[in-house]
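Below you'll find the structure, written out as structure tokens, and then a few comments.
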Amino acid sequence: MGGGGAIVLDRLIGSLRRIFISVGALPFLLVMLIIFFSTQNPRFLSETNILNVAQQGIYLLLISLGQMMVLVSGGFDLSVGANVALTSIGSATVMASVFAASPDQPTLAILAGFAAAVAIGIGCGLANGFGVSYLKVNPFIVTLATASVFQGLTLLISQGQEVSGLPRFFVHQIGSGLILDVPIAVALSVPVIVILYLLMAWSRYGRYVYAIGSNPKAALVAGVRIPLYLLITYVICAVVTSFSSFLLTARVSAGEPLLGAEFPLQSITAAILGGCSLRGGQGGVGGAIVGAIFVTVLANGMDLMRLGSNHQLIILGFVLVIAVLIDRERTKLGYASMSANVRRLLATRNPQ
């Protein structure tokens, strides 16, 4: 290859490296995944299946956004799955009780169920946040312990049985209804997504969370009340997870004591694929959304290829490992690029 060709190749490699550092490999992997599944099954890109993907993915997307916020702060939440189950049983129990007492007021029953879901989310978030921020216990231990507690409470309340008798409007409209050809669950989730984006990208709270995840000592010196902001972060994650569970309960038509077991692995995978780092300080709403879409598309495509749930768990586990490896390489390239820029800057300021 001539000198000109080598220069062009170097520039192309440099451009690809900068793109990879900026957005990661996820957009390219998502496009490749869509192309692959569309060639394997013509129904994959049908309007019906796209609508199904949107309906399936919104629950994981919301939980992944909450997980992203916790990861940015330098922690993670293994209790999201147990939170989903507890919220499903708790909100369905309250809703069914109010609806049985006032069958002519379904709206009141739905509002009562929603209030119960929010209250459960706040309680779960306070338990996680207090353990991590004020007791200073490792997030892995805290959220693993609370996951066990939440699951135990779920089984105590439900006795292992699903809770039925929910209002028809809740099940048929919120669960599977459409508004302007958009699933109602997706429409109800859009304001939540916008609020989380504004919190992380445009508020003082978001800046503090990134600072805590990047360098907690520097954040402390700067006057950031680290325990308070960590507590708030875990509460937001839990409340968003409970909101997702409330919508998912409508989808499955009953309170389910075993709902949500797959969400801890899936949400962490989606967030890391979307640019979050296990070391904290990195990530964003946009990346988490694309990561959740990737995981949902992967699951949907495997369903269409008739792969069993056991095979899907194996593949998702490998995807998580690959996501961590990609995150590590992206970080290395970022540091290398930063070092190269610093060397060039010093060379221009101090010519030999």
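Each reported figure results from applying straightforward, stated rules to the coordinates on display, with no laboratory input. What you see is a predicted model, and the numbers here were worked out from it, not measured in a lab. Please note: Cβ atoms are built from the backbone with ideal geometry, for glycine as well, and neighbour counts cover all protein chains shown.
Report the FRET efficiency, 1/(1 + (r/R0)^6), for residue 52 and residue 141, where r is their Cβ-Cβ distance and R0 is 45 Å, rounded to 0.05. FRET efficiency, residue 52 to residue 141: 0.75. Pull out a ≥ b ≥ c, the square roots of the eigenvalues of the alpha-carbon gyration tensor of the range 136-263, then state rounded if a/c is under 1.5, prolate if not and a/b is larger than b/c, and oblate in the remaining case. Here the range 136-263 falls in the oblate category. The label-point distance for residue 194 and residue 28, in a model that sets each label 7 Å from Cα toward Cβ, rounds to 3.5 nm. What does the net charge come to around residue 178 if you take all other residues with beta carbon closer than 14 Å to its beta carbon, with K and R at +1 and D and E at -1? Once all neighbours under 14 Å are counted, the net charge is -1.
Taking the number of Cβ atoms within 10 Å of each Cβ as an exposure proxy, the fewest-first ranking of 78, 307 is 307, 78. Placing +1 on each Lys and Arg Cβ and -1 on each Asp and Glu Cβ, with no other charges, gives the range 158-300 a dipole about its Cα centre of roughly 600 debye. Return the loop-located trypsin sites (Lys or Arg not before Pro) in the range 193-261 (DSSP other than H, G, I, E, B) with at most 14 other Cβ atoms within 10 Å of their own Cβ; answer none if there are none. Passing sites in the range 193-261 are 225.
Annotation: the residues 65, 29, 198, sorted from fewest to most other C-beta atoms within 10 Å of their own C-beta, follow the order 198, 29, 65.
Given the peptides 271-278, 183-190, 208-215, arrange them by the average over their residues of other C-beta atoms within 10 Å, most packed first.
Final packing ranking: 271-278, 208-215, 183-190.
Using a simple spin-label model with pseudo-atoms 7 Å out from Cα toward Cβ, residue 310 and residue 278 lie 2.7 nm apart. The convex hull around the C-alpha trace of the range 197-259, projected and averaged over every direction, spans 5.5 square nanometres. Spin-label pair residue 36-residue 205: with each label point 7 Å from Cα along the Cα-Cβ axis, the two points sit 3.8 nm from one another. Using a Debye calculation, one point per C-alpha and no hydration shell, please list log10 I(q)/I(0) for the range 62-146 at q = 0.14 Å⁻¹ in order. The Cα Debye sum returns log10 ratios of -0.55. Under the rule a/c < 1.5 gives rounded, and otherwise a/b versus b/c splits prolate from oblate, where does the range 254-330 land using the Cα gyration tensor? Because a/c hits 1.5 or more and a/b exceeds b/c, the range 254-330 counts as prolate.
Expressed in nm², what is the orientationally averaged projection area of the convex hull enclosing the Cα positions of the range 163-229? Before the final figure, lay out the partial values.
Working: hull surface 29.6 nm².
Over every viewing direction, the Cα hull of the range 163-229 projects on average to 7.4 nm².
Cα centroid separation, the range 193-247 to the range 38-107: 21 Å.
When the inverse distances between all different Cα atoms of the range 69-216 are averaged and flipped, the Kirkwood radius reads 17.3 angstrom.
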